[in-house]
Number of protein chains: 2
Amino acid sequence: MTPPPTTILTSTSRLTLTSTSTSISTTPGRGWAIGGRVGPRDSDLSVPGSARFVRSAAAAPPVRSPRLFSAAALGVAAVAGRRQRRQQRRRRTAARAGWHFGSEDADEPELQQQGEYQEEDFEDGEEDGFSQLSTHREMIEDEVRTEAFRKAIFQHCRGKVVLEIGCGTGILSLFAAQAGASRVVAVEANEEVAEFAREVVSSNGFSDVVTVISGRIEDVWEEVDRQLEDENRGEIQADILISEWMGFMLVCDGMFRSVVFARDRWLKEDGLMLPSKCDLWVAPFSNPALIEEQTGYWCSTPYGLNLSALAPRALEQHLSQPVIKILPESGVLATPVSVLHLDCNSAEDWEVDGGRAKFDFTMNRDAPFHGLAAWFSCELGPQVSFSTSPDSRPTHWEQTLLFVGPESPAHELALRAGERVTGDLQWLVSGRSTGVVMVGEVACSAEVVRFTRRLELHLV
Amino acid sequence: MTPPPTTILTSTSRLTLTSTSTSISTTPGRGWAIGGRVGPRDSDLSVPGSARFVRSAAAAPPVRSPRLFSAAALGVAAVAGRRQRRQQRRRRTAARAGWHFGSEDADEPELQQQGEYQEEDFEDGEEDGFSQLSTHREMIEDEVRTEAFRKAIFQHCRGKVVLEIGCGTGILSLFAAQAGASRVVAVEANEEVAEFAREVVSSNGFSDVVTVISGRIEDVWEEVDRQLEDENRGEIQADILISEWMGFMLVCDGMFRSVVFARDRWLKEDGLMLPSKCDLWVAPFSNPALIEEQTGYWCSTPYGLNLSALAPRALEQHLSQPVIKILPESGVLATPVSVLHLDCNSAEDWEVDGGRAKFDFTMNRDAPFHGLAAWFSCELGPQVSFSTSPDSRPTHWEQTLLFVGPESPAHELALRAGERVTGDLQWLVSGRSTGVVMVGEVACSAEVVRFTRRLELHLV
C-alpha cells in the first residue's frame, strides 16, 4: 500500500478545520480551546473558507512553550501493560489538573481545557525522559528517522549556516558539520544533554563548526543572535533550520511552537526547513491480534479458574488511551487521508496544537471495525521523505491506534468492502497531554451505528 | 547453586541490626530513621544483644500504612531504558519530598528521612499500577509464585477460616475456597480491583464461601470483624492468614505492615501464615553482559560518529538506581547470606521497614566486581517454598542489582577466588520508595579498595 496523494478535508487549503462553527482560541496562560466556547481574545484573524479562527496576538516568547525535545522516543519496545499503567497514572494526574470533556450525549463533543495544565512533574528541563541517554539512543537507533535526516542534511548543508532546535546529543548537527556546513548552532533545552552534545561535538573534532547552546530557544535567543552574528555575513540568520520535533501522531508533545519561533526569527527568506512538509494520516483499522493478546489469557482458564469476566475489563483498560503499536498492513481498511498538512515554512504553531477534520472512508476489505489508526509522513527537502505508516519499515513512533472501545456498539462491527465510516476527528495538544475526540458512524448492512470516543495520550 | 542455610549476621537471632550504635525510630507522621540521630519517641524497647531499638508505642491503625498491594509485578518485561526513565523521574520527585543521604565522605553514612515522604501520585488506593489488570496478570502468570501459593493453600486450608490481605483479583482466595476452606474473607484496598475479585468469585461459584471487602485493612477492620464473627464459632479469628506482600528485594514497597496489623488482630494462637518465613539474600555479583548492553552501542561508531564519550554517562545513568534484572547464575561470586530473616508469625513491621547488616564474602571465582545482588526466598508452611535467586526458575521479581557504579574505584575490579568483600548494607523503606546504602571494601591483591554507594528504588 502506497500512501495516496494528500487529501485535505478542510475548508481551506492550508487550515485544517472543517466545522462551520468551529473556532480555536488561546488565552495567555490557559492553553488552547476548540469549540464554541471561546475565552477572552486579543485579535481575530479572518481566513478564506467558512471556518472562523480566533487567535490571540502572540508576544514572543509564547506564554507556554513546549519543551525543546520530541516525545517520539518514549513509545519504543516497552510492553503494552507497563506503558498503559504509566499513561494511566498520567491520565489521572491530568484529570486533576483540569481537562474536561463535554457530555457523552453531545452530538458534537468539544475539547476544552479549563485552567492551565499542570506540568507538575516537569518543573524544569531536567525532569523528563529526555535527560536519559537511553531515550536518545532509541531515537538515534531508529534508522528510518536518522538516515532520512542524514541524507537530506548531506544534500543541502554544504557551505550553509545551520540552526538546530532540540539537538539532543547533537547527532543531526554533527551530520551538518560532516556535510560541510560553514556554521552550526545547536540549541538543547536540557542542560545535561547539551553537555553530552558538546562532548560528542568535541570528540568528533567539530568544535570549531558546531556551537551547542543550552536553554529553551525562547530564553536563549540573544545567545543564538550572537552566535549567528559571529558569522560576520552582516545578517543574523540561518540558511537551514533542522528540528526533529515530531511526536506520536505527529502532534503529540511536539515542540513545533519552538520551531516556529526560531523559523520566524532566524530562517532567511528562501531558507530550508528540515522537515519541510508533514502530514498526519488517518484510516479505519482492524487489529484482532491485539484484542486476543489482551483478552486471551483471561479466557484460558488459568489454574482451572474461570477468569473470563476480567477479559472485557482488561480490554477496556488497555484501550482507554491511544495505543502506540505496530499495526499489520492488512489491518488498514480504507485508503488513508491526511487530516493535517503542514508546510513547515509557513505553518503556524496552532495548526499543530489543535485541529479538527471530517472523514469519510469506504472500506476496501471485510474486517471487524476497531477504530481509527493515525501516523505521519515527512518530506525533508524535495528528494527525501519517510513515513511511519503501517506499510513502511517500522519506526520508534509505531502507529497510534484510537480504538472506539469495547463498550461502543461499533466495536468489532463486521464491516464489508464498500461500506462507509464517516465522522469527525478533533485533537488538542496541551503540554505533554493530547486529547482526541472521534465522533462518527458506521454504515453497516441496513444499520447505522454511531460512536463517540474521547481519548487522552500522556507522556512522561 | 543451592541456597545455604540461613545465616543471620545480626546481634540477635531475630533482629537484623548489627551496629553497636544503631537505632531505629519512628515518629508519628515522619516515617522511619536509621542511625544515631533519633527523633522524638514514645517508648524504648530493650532487646538482647548490643543493638538498641527504639520504637514508638504503636497505636492501631499505624500512622502511615503501606498500600494493600505488593509492588512485585511492576518490574516484569519492560526494557531497562523505559524502566530507568520512569524510576529516574520518581527519584527526582522523592528528592524534593525530603530524602537526604549523609555526606559521601562519612565512613558510616546514615539513611534518614527528613519530613514525611510525599506520596503525591497515590492519594488514594486507585492511583497506582495495581488498578491495572495487566499488573495482576503479570503476577498471576508468574507460575513460580502462584503455584507455590496454590500448593500450600491446598495443603492447609481444608475446613479452615482464611483471611487474605491484598487479594487483588481474588485468585489465592479462590484457591482456598477450592481447597475446602469453610470461610474466606478477602480484603483489597483498591475498590475497582475488589469489584473484579467479586466478579471472579461469583463466576467460579464461591460467593457463599468468599467475601471480598473493599478498603484498607486499617480502615475496614470492623467489617472484617463482622465477617469473621458470622462464622459463629464464638471467636473473631482466622486459622490462616494469606498475603502475597513481597516486593522487589523483599522489602521494597511491601505491605507487611498491614499483614502484621491483621495477624495481631485476627490470627489465632497457632495459626498459619502464608508465607510463613522469608529471607532476604545478598551476594557479590558480576554482570559484564549488562555493562556491554548499556555501553556497546555508544562505542559502535553509529553513522560513522564517535559517540564513545556517552558510554560512561549512559552507564552511570542506568546504574544510578537498583537494576531489576535476571542475573546469570554464573554471576554470583560468593555464597549468599541472608541479611534479613522474617518469621512471619512473630516479625514486627519495622523489621521490614528498615535494617542494617554486615557482610563478609569470600569470592569463589575470578570475575570483575560490580556490586551486591539481592533476592529473597519464602517458605509457605513446612513443605512448600520458592526462591527468586539467580539459580532458580525466573520470577517476575527477577533479582535486584546494586551496582557500586562506574565512578567507584571498586567498579570492575578484577577479583580472584579467595579474595574478600566486606562491609555494611542498610535499607530504609518509606511508602513506595526504598533507600539503600552499601559501604564496604574489596581486598584485592595487595590493595584495599573502598566503596560507598547510595541508591534509591521508586515504584509507580
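The values are calculated or read from the model by the stated rules, or taken from the named source; none is laboratory data. The shown structure was predicted, so the numbers you read here are calculated from the model rather than taken from an experiment. Virtual Cβ from ideal backbone geometry, glycine too; neighbours counted across all protein chains shown.
Return a yes/no flag: does region A:228-238 have any residue that is assigned by TED's automatic domain parsing to the domain that holds residue A:376, out of contact with any strand residue (DSSP E or B) (no Cβ under 8 Å at 6 or more places or on another chain), without any contact (Cβ under 8 Å) to a residue 40 or more places away in the chain and among the small types (Gly, Ala, Ser). So that I can check it myself, show each step before the final result.
Let us first name the residues in region A:228-238 that are assigned by TED's automatic domain parsing to the domain that holds residue A:376, namely none.
No, there is no match, as no residue in region A:228-238 is assigned by TED's automatic domain parsing to the domain that holds residue A:376, out of contact with any strand residue (DSSP E or B) (no Cβ under 8 Å at 6 or more places or on another chain), without any contact (Cβ under 8 Å) to a residue 40 or more places away in the chain and among the small types (Gly, Ala, Ser).
Could we say that residue A:130 is at pLDDT below 95 and not in a loop (DSSP other than H, G, I, E, B) here?
Details: at pLDDT below 95: yes; not in a loop (DSSP other than H, G, I, E, B): yes.
Yes, satisfied.
Kindly indicate the residue of region B:275-296 that is under 13 Å from residue B:375 (Cβ atoms) and among the hydrophobic types (A, V, I, L, M, F, W, C) and also nearest to the chain's Cα centre (by Cα) among those meeting that condition.
The first filter runs over region B:275-296 and keeps only residues under 13 Å from residue B:375 (Cβ atoms), leaving B:278-283, B:285.
With among the hydrophobic types (A, V, I, L, M, F, W, C) added as a condition, the list becomes B:278, B:280-283, B:285.
On the way: B:278: 10, B:280: 8, B:281: 11, B:282: 13, B:283: 16, B:285: 19 Å.
Out of the qualifying residues, it is B:280.
For every residue, the table says whether it meets (1) farther than 30 Å from residue B:389 by Cβ; (2) in a helix (DSSP H, G or I); (3) within 14 Å of chain A (Cβ to nearest Cβ).
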| site | (1), (2), (3) |
| --- | --- |
| B:207 | yes, no, yes |
| B:216 | yes, no, no |
| B:227 | yes, yes, no |
| B:235 | yes, no, no |
| B:240 | no, no, no |
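Could we say that residue A:200 is closer than 20 Å to residue B:311 by Cα, within 14 Å of chain B (Cβ to nearest Cβ) and not basic (Lys, Arg) here?
On the way: closer than 20 Å to residue B:311 by Cα: yes; within 14 Å of chain B (Cβ to nearest Cβ): yes; not basic (Lys, Arg): yes.
In short, yes.
For the subset of region A:175-190 comprising residues that are assigned to a strand (DSSP E or B), of a type in the set (A, V, I, L, M, F, W, C) and more than 10 Å from residue A:215 (Cα to Cα), which member is farthest from the other protein chains (Cβ to nearest Cβ)? Lay out the reasoning, then the answer.
Kept after step one, since they are assigned to a strand (DSSP E or B), are these residues of region A:175-190: A:183-188.
This time we only want the ones that are of a type in the set (A, V, I, L, M, F, W, C), so: A:184-187.
When the remaining residues are screened for being more than 10 Å from residue A:215 (Cα to Cα), the result is A:184-186.
Values: A:184: 14, A:185: 19, A:186: 14 Å.
Out of the qualifying residues, it is A:185.
If I ask for residues that are out of contact with any Pro (no Cβ under 6 Å at 6 or more places or on another chain) and either basic (Lys, Arg) or touching a residue at least 60 places away in the same chain (Cβ under 8 Å) (or both), which ones from region B:295-328 would you list?
First, the residues of region B:295-328 that are out of contact with any Pro (no Cβ under 6 Å at 6 or more places or on another chain): B:295-311, B:313-314, B:317-325, B:328.
B:313, B:317, B:318, B:319, B:320, B:321, B:322, B:323, B:324, B:325, B:328, listed by residue number.
Take the residues in region B:143-174 that are in a loop (DSSP other than H, G, I, E, B) and crowded, with 22+ Cβ neighbours inside 10 Å, then tell me which one is nearest to the other protein chains (Cβ to nearest Cβ). Give the steps one after another, and end with the answer.
In the first step, residues of region B:143-174 are kept if they are in a loop (DSSP other than H, G, I, E, B); the result is B:157-160, B:166-170.
Subsequent filtering for residues that are crowded, with 22+ Cβ neighbours inside 10 Å retains B:157, B:166-170.
Details: B:157: 15, B:166: 17, B:167: 13, B:168: 11, B:169: 6, B:170: 9 Å.
Only one residue tops the list, namely B:169.
Restricting attention to region B:144-161, does a residue exist that is among the aliphatic types (A, V, I, L, M), within 18 Å of residue B:259 (Cα to Cα) and touching a Lys or Arg at 6+ places or on another chain (Cβ under 9 Å)?
yes
Out of all the residues in region A:412-448, which are of a type in the set (A, V, I, L, M) and closer than 18 Å to residue A:283 by Cα?
Of all residues in region A:412-448, those of a type in the set (A, V, I, L, M) come to A:413-415, A:417, A:421, A:425, A:428-429, A:436-439, A:442-443, A:446, A:448.
Across region A:412-448, the qualifying residues are A:413, A:414, A:415, A:417, A:421, A:425, A:436, A:437, A:438, A:439, A:442, A:443.
Given (1) in contact with a helix residue (DSSP H, G or I) (Cβ under 6 Å, 6 or more places away or on another chain); (2) closer than 21 Å to residue B:432 by Cα, identify the lone condition not met by residue B:259.
(1)
Residue check, residue B:222 against (1) buried (at least 19 other Cβ atoms within 10 Å of the Cβ); (2) in a helix (DSSP H, G or I); (3) more than 14 Å from chain A (Cβ to nearest Cβ), all met but one. Which one?
(1)
Within region A:130-185, how many residues turn out to be touching a Pro at 6+ places or on another chain (Cβ under 8 Å) and on the phi > 0 side of the Ramachandran plot?
Final tally of qualifying residues: 0.
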